[in-house]
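Q: Below you will find the structure I want to go over with you.
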Amino acid sequence: MNLEKVIYNMSLFPALSHRNFKLFWFGQCISLIGTWMQNVGQAWLILQLTNSPFLLGLITTLQTLPVMLFSLFIGVYVDRFPKRKLVILAQTGLMILAFILSYLTLTGTVKYWHVAVLATILGFMNTIDNPSRQSLMIELVGKEDLLNAIALNSSAFNLARILGPAVAGILIGYLGIGICFLLNGLSYLAVIVSLLLMDVKEEKRTIDESSSVIKDMLEGVRYIFQTPRIYVAILLMFYISTFAMNFNILVPVFTKIDLGLEASQYGFLMSAMGVGALIGALSLAVRSKSGPHMRLLFLGAVGLSIFQGILGMTQNFYFAMILIALTGYFMITFTATCNTLIQINSEDHLRGRVMSVYTLVFVGVAPLGSMYSGTISEHFGAGMTFVISGIIGLVTCTIMYVIGRKRGISM
C-alpha cells in the first residue's frame with residue numbers, strides 16, 4: 001500500500017489512475033478534434049455565405065443564447081439526475097446536429113438561416129452538457145485529483161485546438177467545408193461509447209416534493225454570494241469571458257480582413273493558440289498537487305489581456321502566431337484554475353447549480369461578447385477590438401483584485 005502511495009505521488013497525471021476518467025479522457029481526445037474542425041468550418045462557412053463579421057457574431061450569439069437563458073434552471077436538474085446519463089443525452093443530440101449540417105453543406109443546399117437554426121438547437125444541447133460534464137469530473141476522480149483532471153481535459157481540448165483547425169484548414173482547401181461537419185459527427189461516438197463503458201455508482205437522489213425549481217435555483221445563487229472565493233472567481237470570469245475571450249469571432253476576421261490571408265493561415269493561427277494553451281494546461285497538470293491559488297487565477301487573466309492587446313497591433317503573420325500562442329497559455333491558466341477553485345469550494349449537493357452559473361458566465365455570456373466583438377470589429381477592425389478587449393481585461397483584474405482583498409481572500 002505504501003509503495004502504491006509512493007508511485008501515485010510520483011505520477012505527473014494521477015487523474016489517469018482512475019479508470020472512468022481515463023475512458024472519458026480518451027473519448028474526449030477524439031471528440032474534441034471534431035469539435036474544433038466544426039468550429040473552424042462553421043466560421044469560414046458563415047464568412048463565405050455573408051462576408052459579415054456581425055452575422056458571424058450573431059451565429060455565436062444564437063449558439064450561446066440558450067445557455068444564457070436557461071443555465072440557472074438546468075443546474076437544478078443536474079443536481080437531481082445522474083450526470084453521466086445527462087451527458088450521454090446531450091452528446092447524442094450534438095452528434096445528430098453535426099450530421100444534419102454536414103448533409104446540408106455537402107449537398108450544396110446550406111443557407112445562413114439553416115446554420116442559425118442548428119446553432120440555436122446546439123445551444124440547448126450545450127446548456128445540458130456543460131454543467132453536467134463539469135460536475136461529473138469530481139465524481140470520476142475526487143477532490144484530490146480534480147485540478148489534475150481539469151488540466152488534462154484542458155490539454156485534450158487544446159491538443160484538439162492544434163490538430164482540429166490545422167486539419168480543417170487543409171480539408172476545406174481540398175474537400176470543402178462539409179467534410180469537417182461529417183467527421184465531427186462521427187467523433188462524438190468516441191465519447192458516447194466511453195460514457196457507456198464507465199462503471200459509475202449513480203446514487204438515488206431524493207427530491208423534496210415541497211421544493212420548487214425556483215427555490216432550489218435561488219439557493220444555489222445565494223450560496224455563491226455567501227462564498228467569497230466562488231463569488232470573486234465567477235465575477236472575474238464573467239467580465240473576462242464577455243470582453244476578452246471572443247477568439248472564435250475575432251481570429252477569422254483578423255485573418256481574412258485585417259491580414260488579408262486565407263483559410264489555411266486561419267487554421268494555423270488557431271493551432272498556434274492551441275499550442276500555447278496545451279503547454280499551459282500541461283504545466284498546470286504537473287503543478288496540480290500544490291492546488292489552485294487565487295494568484296494563479298489573476299496571473300492568467302492579466303497575461304491573457306496583455307498579449308491579446310499586443311496581438312491587435314501586429315500586421316505580421318508569424319509574430320501574430322507567437323502572440324496568440326502566449327495568449328492561449330495564459331487563457332488556459334485562467335480558465336482551468338477558475339474551474340477548479342469553484343468546484344473545490346462548492347458543497348456536493350450544490351455543485352450542479354454552482355457549475356451551471358459557471359457555465360453561464362463562461363459560455364452563456366457569449367451572446368454579449370459576440371455582439372460586442374462583432375459590432376466593434378465591423379466598425380474598427382478585429383485588431384483594434386483586441387486592443388480594447390485587452391485594456392478592459394486589465395481594468396477588470398485590478399478592480400476584482402481589490403474586491404477580493406476587501407472580502408478577506410488571501411492571494
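The values are calculated or read from the model by the stated rules, or taken from the named source; none is laboratory data. Everything quoted here is computed from the prediction, not taken from an experiment. So basically every Cβ, Gly included, is an ideal-geometry build from the backbone, and we count neighbours across all protein chains shown.
Q: Among the residues of segment 196-209, is any in a helix (DSSP H, G or I), more than 23 Å from residue 278 (Cβ to Cβ) and out of contact with any strand residue (DSSP E or B) (no Cβ under 8 Å at 6 or more places or on another chain)?
A: First pass over segment 196-209, keeping only residues in a helix (DSSP H, G or I): 196-197.
Of the ones still in play, those that are also more than 23 Å from residue 278 (Cβ to Cβ) are 196-197.
Then drop every residue that is not out of contact with any strand residue (DSSP E or B) (no Cβ under 8 Å at 6 or more places or on another chain), which leaves 196-197.
Among the residues of segment 196-209, at least one is in a helix (DSSP H, G or I), more than 23 Å from residue 278 (Cβ to Cβ) and out of contact with any strand residue (DSSP E or B) (no Cβ under 8 Å at 6 or more places or on another chain), which makes the answer yes.
Q: Let me ask something else. Collect the residues in segment 111-138 that are among the small types (Gly, Ala, Ser), under 21 Å from residue 31 (Cβ atoms) and at pLDDT 85 or above, keeping them in residue-number order.
A: As a first pass, look at segment 111-138 and keep what is among the small types (Gly, Ala, Ser): 116, 119, 123, 132, 135.
Those left that are additionally under 21 Å from residue 31 (Cβ atoms): 119, 123, 132, 135.
Residues satisfying the conditions are 119, 123, 132.
Q: Would you confirm, using the coordinates I've provided, whether residue 358 is in contact with a Cys (Cβ under 9 Å, 6 or more places away or on another chain) and at pLDDT 85 or above?
A: Numbers: in contact with a Cys (Cβ under 9 Å, 6 or more places away or on another chain): yes; at pLDDT 85 or above: yes.
Yes.
Q: Here are the criteria: (1) touching a residue at least 24 places away in the same chain (Cβ under 8 Å); (2) in a helix (DSSP H, G or I); (3) out of contact with any Asp or Glu (no Cβ under 7 Å at 6 or more places or on another chain). Tell me which single one residue 100 does not satisfy.
A: For residue 100, the exception is condition (1).
Q: Which members of segment 375-411 meet the condition of being among the polar types (S, T, N, Q), surrounded by 13 or more Cβ atoms within 10 Å (Cβ to Cβ) and either in contact with a Ser or Thr (Cβ under 7 Å, 6 or more places away or on another chain) or farther than 21 Å from residue 252 by Cα (or both)?
A: Step one: filter segment 375-411 for residues among the polar types (S, T, N, Q), giving 375, 377, 385, 389, 396, 398, 410.
Then keep just the ones that are surrounded by 13 or more Cβ atoms within 10 Å (Cβ to Cβ); that gives 375, 377, 385, 389, 396.
Correct list: 377, 385, 396.
Q: Looking at (1) surrounded by 21 or more Cβ atoms within 10 Å (Cβ to Cβ); (2) over 22 Å from residue 132 (Cβ atoms); (3) more than 17 Å from the chain's Cα centre (by Cα), find the lone condition where residue 12 falls short.
A: (1)
Q: Scanning for something closer than 29 Å to residue 73 by Cβ, within 24 Å of the chain's Cα centre (by Cα) and modelled with pLDDT under 85, does segment 383-401 turn up at least one residue?
A: Scanning segment 383-401 turns up no residue that is closer than 29 Å to residue 73 by Cβ, within 24 Å of the chain's Cα centre (by Cα) and modelled with pLDDT under 85.
Q: Return the residue satisfying two criteria in turn: it lies in segment 290-333 and is small (Gly, Ala, Ser), in contact (Cβ under 8 Å) with a residue 60 or more places away in the chain and closer than 29 Å to residue 146 by Cβ, and of such residues it is surrounded by the fewest Cβ atoms within 10 Å (Cβ to Cβ).
A: Just the residues of segment 290-333 that are small (Gly, Ala, Ser), to begin with: 290-291, 300-301, 303, 305, 309, 312, 320, 325, 328.
When the remaining residues are screened for being in contact (Cβ under 8 Å) with a residue 60 or more places away in the chain, the result is 291, 301, 305, 309, 312, 320, 328.
Narrowing the set further to residues that are closer than 29 Å to residue 146 by Cβ leaves 291, 301, 305, 328.
Values: 291: 15, 301: 29, 305: 25, 328: 29.
Filtering segment 290-333 for residues that are small (Gly, Ala, Ser), in contact (Cβ under 8 Å) with a residue 60 or more places away in the chain and closer than 29 Å to residue 146 by Cβ, the one surrounded by the fewest Cβ atoms within 10 Å (Cβ to Cβ) comes out as 291.
Q: Out of the residues in segment 285-336 meeting the condition of being over 13 Å from residue 236 (Cβ atoms) and among the basic types (Lys, Arg), tell me which one is nearest to the chain's Cα centre (by Cα).
A: Filtering first and then ranking leaves 287.
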